[in-house]
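Participant: For reference, the structure I am asking about is given below.
Coordinate-derived values only; no laboratory data. Predicted, not measured: the structure shown is a model, and the values here were computed from it. Every residue, glycine as well, gets a Cβ built from its backbone with ideal geometry; the counts of neighbours run over all protein chains shown.
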Amino acid sequence: MNDLGSKEVREGRYWNSGYGVCIMASITKGIDWAAYIDADNGYREHDCMRKTLESGSKLSEADARHFFPDIELPYRR
């Protein structure tokens, strides 16, 4: 099976100090990737992860590579 173009997500960090803050990577296998950050009410980590992928702010490439140094694909522009 060829997975070129299939999607993968990774959680980079999650903090909860009254608010949930999450950093996620969205990877298109064999093509590119981008990382996003967002926050929510902190009730459920999984909800914050989903919200981050759906509407989070895109990180700069330098910040994204800090949290995900092992991803070798080009960073999505």
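Participant: Give me a count of the residues in the stretch 3-28 that are within 19 Å of Glu72 (Cα to Cα) and over 14 Å from the mean Cα position of the chain (by Cα).
Facilitator: So the count comes out to 4.
Participant: Which condition number does Ser55 fail, the rest of (1) of a type outside the set (A, V, I, L, M); (2) surrounded by 14 or more Cβ atoms within 10 Å (Cβ to Cβ); (3) closer than 18 Å to Arg76 by Cβ being met?
Facilitator: (2)
Participant: Out of the residues in the stretch 29-76 that are hydroxyl-bearing (Ser, Thr, Tyr) and touching a Gly at 6+ places or on another chain (Cβ under 8 Å), which is nearest to Asp3 (Cα to Cα)?
Facilitator: Tyr36
Participant: For the stretch 32-54, give me the residue count where each residue is over 14 Å from Asn16 (Cα atoms) and within 11 Å of the chain's Cα centre (by Cα).
Facilitator: 9
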